[in-house]
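What follows is a short report on a single structure.
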Amino acid sequence: MTTIPRTPHLFAAALILIVSSEVFGSTSPSVFLSDSTEIKTENKAKSLGNWRGMSMSAVSMAQFQGNLESYNASWGARDGLGMVTDDALTSWRLELNPFEKRQRMLGEFIGITTGLGFDWWHVGVDDSHRLQFDEAMDVVTADAFSPDSINVSKNFINAVYLRVPLLASLHTYRSGKSGFHVEAGLVGGYLLHGKYTFEQKTSSSTNTAVEDFPISPLQVNARLAVGFGKMSLLGEASLLPFFEENPMDSPSMHSFSVGLQFRLDD
């Protein structure tokens, strides 16, 4: 039997290896992996807005009656309710926004920001009024009494909202770490918790009443934040009334707040 020499097979295999090394030798698998990693890193880079963070603000009220052409507007809550609108330690607002998404529109300088957050409004009432809701008149009223006759230890409204913003933002920086910024737009909210707490003490007992109250279930606020770096001066004004009521002969009340916001970076 004649043995077929294997030299041609070995020569062909060697030739294939040489050609392969010439064609692909300049680009190693590690280079492909490195390029892929760089591309993925660029895709994951996020644009930072100024929604994600926390804020602390003083709360007040404004009264509005009529329409945009003919209206009456004034500062403060309605007379006779005893709502505190000039003391930041009594009426305040705490905001926590853990989630944010900013979409670039013109590089890093102009973008649209949305996200998710929580908003806690704490509105105090003085020691000589107790709020109540008159269902027949469909309006929030208050019983007045002498502060010396009852020892009031708690008298406030709590309202907690789940909120989603739609904000236009302007940055004067590229990195997202420092520089001047402006962010403005609307924030919608849904009421998660709305209670009125009234507590009075006597020498022998403490009586506490925690009541459901007709706080508006929906919130639409105009928002403006102006600042530098991680800090912003923040203002919000409600476009909807604070209470879900229908005051026929008196203006509706709209909440607003002014405070400081601190951005949280990833």
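The values are calculated or read from the model by the stated rules, or taken from the named source; none is laboratory data. These numbers come from a predicted model, not from an experiment. Positions of Cβ are backbone-derived with ideal geometry, glycine not excepted, and every protein chain shown enters the neighbour counts.
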Check: Which condition number in (1) surrounded by 14 or more Cβ atoms within 10 Å (Cβ to Cβ); (2) at pLDDT below 95 is the one that residue 228 fails?
Finding: (1)
Check: How many residues does segment 89-118 hold that are in a loop (DSSP other than H, G, I, E, B) and under 21 Å from residue 189 (Cβ atoms)?
Finding: 1
Checklist line | Among the candidates 217, 165, residue that is out of contact with any Lys or Arg (no Cβ under 6 Å at 6 or more places or on another chain), at pLDDT 95 or above and closer than 15 Å to residue 255 by Cβ | finding: 217
Next item on the list: Might you let me know whether segment 116-136 holds any residue that is touching a Pro at 6+ places or on another chain (Cβ under 9 Å), of a type in the set (A, V, I, L, M) and either modelled with pLDDT of 95 or more or not assigned by TED's automatic domain parsing to the domain that holds residue 213 (or both)?
Entry: yes
Checklist line | Selection count, segment 119-133, where residues are in contact (Cβ under 8 Å) with a residue 60 or more places away in the chain and either in a loop (DSSP other than H, G, I, E, B) or not β-branched (Val, Ile, Thr) (or both) | finding: 6
Check: Can you tell me how many residues in segment 198-237 are aromatic (Phe, Trp, Tyr) and farther than 20 Å from residue 125 by Cβ?
Finding: 1
Next item on the list: Give segment 166-210 a look and list any residue that's closer than 30 Å to residue 149 by Cα and either of a type in the set (A, V, I, L, M) or loosely packed, with under 13 Cβ neighbours inside 10 Å (or both), or say none.
Entry: 202, 203, 204, 205, 206, 207, 208, 209, 210
Note to self: For segment 137-176, give me each residue that is closer than 30 Å to residue 79 by Cβ and in a loop (DSSP other than H, G, I, E, B).
What the structure shows: 137, 138, 145, 146, 147, 148, 149, 150
